[in-house]
Amino acid sequence: MSFQAYLDNIEEKTGLTPRQFIDLATEKGFGPGTKAGEIVAWLGEDYGLGRGHAMALVHVITKGPQISAAHVGSSGAHADASDTLWLDGKATNPAP
């Protein structure tokens with residue numbers, strides 16, 4: 001599954017976009033420098049997210065939307081269209 005697909009699946013499951021999760025995380029005091037385990041625990045307890053999906057959000061909460069270009073343009077299961085994740089909702093993504 002691509003990184004973007006993880007974020008899209010989280011939105012489908014919770015009704016919240018990645019950008020909304022960043023805002024919620026900021027309200028809780030999470031951001032760059034926060035340990036992954038703290039964020040994973042919060043996402044599991046409050047939103048029922050498993051570790052894989054939670055770790056996708058950990059990345060955007062602590063590091064922003066940039067990802068490695070390693071899978072950009074590849075044809076495998078982990079292929080992403082861009083090295084910048086779309087955080088504002090699946091329906092508005094200009095490059096689905």
Worksheet item: Can you give me the relative contact order of segment 14-96 as a percent, contacts being Cα pairs under 8 Å and 6 or more apart?
Response: 29
Item to complete: Go through segment 46-54 residue by residue and turn each phi into a ³J(HN,Hα) via Karplus (6.51, -1.76, 1.60, θ = phi - 60°); whole Hz please, and just put x for glycine and proline.
Response: 8, 10, x, 7, x, 4, x, 5, 4
Item to complete: For the chain, set up a Gaussian network in which alpha carbons nearer than 10 Å are linked by springs, and say which option among PRO18, PRO32, PRO65 fluctuates the most.
Response: PRO32
Practice prompt. Measure off 7 Å from each Cα along the Cα-to-Cβ vector at VAL72 and GLU27, then give the distance between these two points in nanometres to one decimal.
Written response: 3.3
Practice prompt. Starting at the first residue of segment 22-29, write each ³J(HN,Hα) from the Karplus equation 6.51 cos²θ - 1.76 cosθ + 1.60 with θ = phi - 60°, in whole Hz, x for Gly and Pro.
Written response: 4, 4, 5, 5, 4, 4, 8, x
Worksheet, complete the sentence: Rounded to the angstrom and largest first, Cα extents along the principal axes for segment 3-72 equal 32, 27, 19
Item to complete: Using only Cα atoms, tell me the angle between helix 3-14 and the longest principal axis of the chain; keep it within 0 to 90° and round to the nearest 10.
Response: 50
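Every number here is computed from the coordinates shown, using simple stated rules; none is lab data. Everything quoted here is computed from the prediction, not taken from an experiment. Ideal geometry is used to build each Cβ from the backbone, glycine not excepted, and the neighbour counts take in all protein chains shown.
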